[in-house]
Amino acid sequence: MWTLGPAWRDEAALARAWRTAAPFPHLVIDDVVPDGPLMELLDEEGVEHQEGDIFAFEASRDLDALSTAFGAALCGPLARITGKPLARAALRAYAYRPGHYLLPHTDHQDGLPRLVAFAYYLPTPEPPTGGELELFRVTATATDSAALIAPQPWRLAVFDCSDVSLHQVREVLSGLRLSLAGWFYP
Amino acid sequence: MRLSRIATIIPDAPAQMPAVTLRRYALLDRGSYLHADDVPPPAGALALAQTTTDRALRIASTRLLVFEPGDYLLAHHDPLHGDHRVELIYDLSPAPAPSQVRYRRGRGAVFFVFPCTPGAACVVERDPTTQSYHTYVSRLHAGASIVRLVIQLVDT
């Protein structure tokens, strides 16, 4: 489903970028274009509204076949880049409409071996305003915005899963934000 | 386990906005809001809580919370209490806005919702697993301001 392009050739440079990224290790790689009918496959998947104290969005079920294909394409290079033993991916599709958000949180949970989180942005008929992935620097007394990643089509954002990797999806103010998102596991 | 017995809205419970200096809370993984602590409670607050719950109570704490667009208070920022305390919230908002206080037990389903209703109040008997959260205020509602005076009461 994915053939990785020139942006992935210099893995040493990507590894340096990962290690030195602030406020915590992350990478943004553009033009991760599928070579199969991804959007057609997703058209067949439904999404349902979900809401809790930290989120409101529409999400699909676990997409097992797509998770397998995504992991097969990316676990190898991302394991070399991040230095983490990535072996599989698990993902869902998400749709954020106006008023949808995911408030600041970390993905780290004891007992869940999430190593690296990712968001992979898809083309949308109405490009969103808002919906950026925002990364925060955490101190004992404050949480400060430190990086802002726009949800551009075919952009892959990956970031470290730890108890300090605080991030949010800013509220979508107009349009539609579509993505696949999940985690890489050992 | 003793569960909350009373969770109710009192539609007509007007109260004055106290004169306070607000400070912003900004540990964003817990909440984003303006607050003032130890504000004077409205006259009649203690009586309202005691009458509603039929319990002899005293005020343990008061806190004024103000939510603007983009603000929220998450459930894990609401400490658990084992003393079956009562929570009385006055809604001092200047106008209705799409925001709610939601109460749940543990990570379970929400059992009570107090929508933004200026001039109303709610009284909730908490059990040891009760947590509340104040929902995110959408930036699509520019100018929204939700003002809540939260009074915690315990048995005398």
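The values are calculated or read from the model by the stated rules, or taken from the named source; none is laboratory data. Small disclaimer: the values here were computed from a predicted structure and weren't measured. Don't worry about glycine lacking a Cβ; one is built from the backbone with ideal geometry, like all the others, and counts go over all protein chains shown. Accessible surface areas use protein heavy atoms only, side chains included; no ligands, DNA or RNA. Shrake-Rupley method; radii C 1.70, N 1.55, O 1.52, S 1.80 Å.
Annotations
- Considering segment B:1-54, and only residues there that are in contact with a Gly (Cβ under 7 Å, 6 or more places away or on another chain) and within 14 Å of chain A (Cβ to nearest Cβ), the residue that is farthest from B:Phe114 (Cα to Cα) turns out to be B:Tyr25.
- Filter result (farther than 19 Å from A:Pro98 by Cα, within 14 Å of chain B (Cβ to nearest Cβ) and open to solvent by less than 30 Å² (accessible area, probe 1.4 Å)) within segment A:148-170: A:Ser162, A:Ser165, A:Leu166, A:His167
- Test: residue in segment A:8-16 that is at pLDDT 95 or above, over 15 Å from the mean Cα position of the chain (by Cα) and open to solvent by less than 20 Å² (accessible area, probe 1.4 Å): yes
- Answer residue from segment B:51-69, given it is surrounded by fewer than 17 Cβ atoms within 10 Å (Cβ to Cβ) and not charged (D, E, K, R) and is farthest from the chain's Cα centre (by Cα) among those: B:Ala56
- Strands (runs of 3 or more DSSP E) wholly inside segment A:46-147 that include at least 2 residues being farther than 23 Å from A:Val32 by Cβ: A:48-51, A:55-59, A:101-105, A:133-138
- Residue among A:Arg114, A:Arg92, A:Arg97 that is surrounded by 17 or more Cβ atoms within 10 Å (Cβ to Cβ), in contact (Cβ under 8 Å) with a residue 60 or more places away in the chain and within 14 Å of chain B (Cβ to nearest Cβ): A:Arg97
- Search result, residues across segment B:128-156 that are over 12 Å from the mean Cα position of the chain (by Cα), modelled with pLDDT under 95 and crowded, with 18+ Cβ neighbours inside 10 Å: B:Thr130
- Residue that is open to solvent by less than 50 Å² (accessible area, probe 1.4 Å) and farther than 18 Å from A:Ala181 by Cβ, where the choices are A:Gly36, A:Gly71: A:Gly36
- Of the residues B:Tyr72, B:Tyr90, the single one that is among the hydroxyl-bearing types (Ser, Thr, Tyr), buried (at least 19 other Cβ atoms within 10 Å of the Cβ) and within 12 Å of chain A (Cβ to nearest Cβ) is B:Tyr72.
- Contact map, segment A:129-142: first residue more than 10 Å from chain B (Cβ to nearest Cβ), second residue open to solvent by 20 Å² or more (accessible area, probe 1.4 Å) and of a type in the set (Asp, Glu), Cβ cut-off under 6 Å, separation 6 or more or different chains; pairs are A:Arg137/A:Asp144.
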